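Here the structure comes first, spelled out in structure tokens, and everything after it is commentary.
The values are calculated or read from the model by the stated rules, or taken from the named source; none is laboratory data. All values derive from a computational prediction rather than experimental measurement. Glycine gets a Cβ as well: all are built from the backbone with ideal geometry, and neighbour counts include every protein chain shown.
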Amino acid sequence: MPRQRRTILTGRVDLRTGSPALRTTPIFRFALAVMTTLCVAAPSRAQQTQTEEMERRARILATAPPDAAKVLFGRQQTGAPTSPRAIGSFARGCLAGATALPVDGDNWQVMRIARTRNWGHPDLIALLERLARRGPSVGWNGLLVGDISQPRGGPMLTGHASHQIGLDADIWLTPMPGRRLSRDERETMSATNVVASSWMDVDSEVWTPRHTAIIRAAAKESDVTRIFVNPAIKVALCREAGSDRSWLTKIRPMWGHNYHFHVRIACRDGDASCKDQDPPGAGDGCGKELQDWLALQRKAMFAPKRKGGGKPKPERFWTMDDLPGECRQVLVAR
Ligand SMILES: [Zn+2]
């Protein structure tokens with residue numbers, strides 16, 4: 001495998017640092033802001049095995065102060081036993097009354113079980129179960145479910161800026177095999193990268209009409225407001241959508257998301273503590289906006305690395321003061 005491709009697949013290219021010219025463009029700054037506040041940054045999130053994840057967590061724990069919000073929320077093993085409430089925003093908040101998606105269902109299997117991130121708002125868990133059951137009718141055998149949220153939501157020790165209030169879920173772009181995966185396979189098996197090495201389209205060797213079908217089925221769920229996919233995946237969806245294009249509005253291009261798609265549902269009715277986003281703009285988003293994303297991604301992926309590269313900024317760890325006040329109760333509720 002050529003060196004460049006290998007580097008991309010293992011996620012060592014950091015899209016936050018493109019070429020200097022690229023970093024000065026307004027759209028790049030906008031995209032960067034979106035990327036860092038709403039979603040994941042590295043292209044290969046689903047790839048980390050249990051061992052790699054444990055090493056990453058240990059590195060963070062070695063430097064994080066004990067009152068860091070991600071340390072406090074990261075150690076929770078059970079939900080807060082209250083009525084369900086999403087508190088704060090997708091990238092800054094927490095979750096009360098979460099339920100866990102069972103690790104096995106007829107039409108789904110939870111991956112990376114050891115991370116304990118199969119918790120979510122009960123409405124999101126119900127949606128995942130419903131979508132999983134619908135899968136076979138659109139040719140998708142079942143869902144391999146990645147990270148949802150921690151038992152009480154909140155910031156995570158590793159990965160994901162969002163996924164904090166139990167309304168976001170990652171679904172692998174690998175169809176569920178027709179057998180139960182072993183515990184070991186669920187911790188080590190690699191998800192499928194469906195994007196071509198050009199980063200301009202899907203990889204025709206792995207992409208199938210079934211991929212479009214399951215993403216379309218998810219987008220057509222009325223609770224779903226956004227689905228994040230790599231811009232190259234949106235290219236395929238735009239091409240394969242046919243005449244019914246209304247659901248494409250919900251398909252939002254985002255860095256990474258080449259091994260999984262990310263489903264987001266709206267704040268629940270009457271949940272005053274939950275800060276929703278505006279709905280995405282009208283139109284299918286298959287025109288200039290998508291072309292701009294593709295161009296930016298391509299530049300960022302193939303720009304020569306600057307010598308020296310600048311030192312990464314040390315992380316500023318959020319404390320409970322950085323989260324909505326109600327999250328303090330969520331953390332200690334018994
Ligand atoms: Zn996600």
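Evaluation of Met200 against the conditions (1) out of contact with any Leu (no Cβ under 7 Å at 6 or more places or on another chain); (2) surrounded by fewer than 19 Cβ atoms within 10 Å (Cβ to Cβ) shows that the sole unmet condition is (1).
Listed by first and then second residue, the pairs linking a residue in the stretch 305-334 that is over 18 Å from Leu61 (Cα atoms) to a residue that is in a loop (DSSP other than H, G, I, E, B) and of a type in the set (D, E, K, R), with Cβ atoms under 7 Å apart and 6 or more places separating them unless they lie on different chains, are Val330/Arg152; Leu331/Arg152. Looking at Arg115, Arg134, Arg152, which one is touching a helix residue (DSSP H, G or I) at 6+ places or on another chain (Cβ under 9 Å), under 21 Å from Phe228 (Cβ atoms) and more than 16 Å from the ligand (Cβ to nearest atom)? Within the list Arg115, Arg134, Arg152, the selection yields Arg134.
Note on the stretch 226-241: residues that are buried (at least 24 other Cβ atoms within 10 Å of the Cβ) and among the basic types (Lys, Arg) total 1. Would you confirm, using the coordinates I've provided, whether Arg180 is within 14 Å of the ligand (Cβ to nearest atom), of a type in the set (D, E, K, R) and not in a helix (DSSP H, G or I)? It is false that Arg180 is within 14 Å of the ligand (Cβ to nearest atom), of a type in the set (D, E, K, R) and not in a helix (DSSP H, G or I). Figure legend. Inter-residue proximity from the stretch 237-262: first residues within 15 Å of the ligand (Cβ to nearest atom), second residues among the aromatic types (Phe, Trp, Tyr) and not in a helix (DSSP H, G or I), beta-carbon distance below 6 Å, spacing 6+ or different chains. Indicated pairs: Arg252/Phe228; Met254/Phe228; His257/Phe228; His260/Trp172; His262/Phe228.
Scanning the stretch 54-109 for residues that are outside any loop (DSSP other than H, G, I, E, B), closer than 19 Å to Gln329 by Cα and more than 21 Å from the chain's Cα centre (by Cα) yields a single hit, Leu72. The residues in the stretch 303-330 that are over 27 Å from Asp223 (Cβ atoms) and not in a loop (DSSP other than H, G, I, E, B) can be counted, and the count is 4. Quick one: is Ala86 within 16 Å of the ligand (Cβ to nearest atom), at pLDDT 90 or above and crowded, with 18+ Cβ neighbours inside 10 Å? Criteria met by Ala86. Which one of these is in contact with a helix residue (DSSP H, G or I) (Cβ under 9 Å, 6 or more places away or on another chain), within 14 Å of Ile171 (Cα to Cα), free of Cβ contacts under 8 Å to residues at least 40 places away in the same chain and not basic (Lys, Arg): Gly146, Gly142? Among Gly146, Gly142, only Gly142 is in contact with a helix residue (DSSP H, G or I) (Cβ under 9 Å, 6 or more places away or on another chain), within 14 Å of Ile171 (Cα to Cα), free of Cβ contacts under 8 Å to residues at least 40 places away in the same chain and not basic (Lys, Arg).
If the condition is being farther than 30 Å from Thr208 by Cβ, among the small types (Gly, Ala, Ser) and modelled with pLDDT of 95 or more, then the stretch 135-167 contributes Gly153, Gly154, Gly166. Do the conditions hold for Ser182, that is, is it surrounded by fewer than 20 Cβ atoms within 10 Å (Cβ to Cβ), among the small types (Gly, Ala, Ser), modelled with pLDDT under 95 and under 25 Å from Glu53 (Cβ atoms)? Criteria not met by Ser182.
Among the residues making up the stretch 110-126, those that are surrounded by fewer than 24 Cβ atoms within 10 Å (Cβ to Cβ) and part of a helix (DSSP H, G or I) are Ile113, Ala114, Arg115, Pro122, Asp123, Ile125, Ala126. Only a single item in (1) touching a Cys at 6+ places or on another chain (Cβ under 6 Å); (2) surrounded by fewer than 19 Cβ atoms within 10 Å (Cβ to Cβ) is not met by Glu315, and it is number (1).
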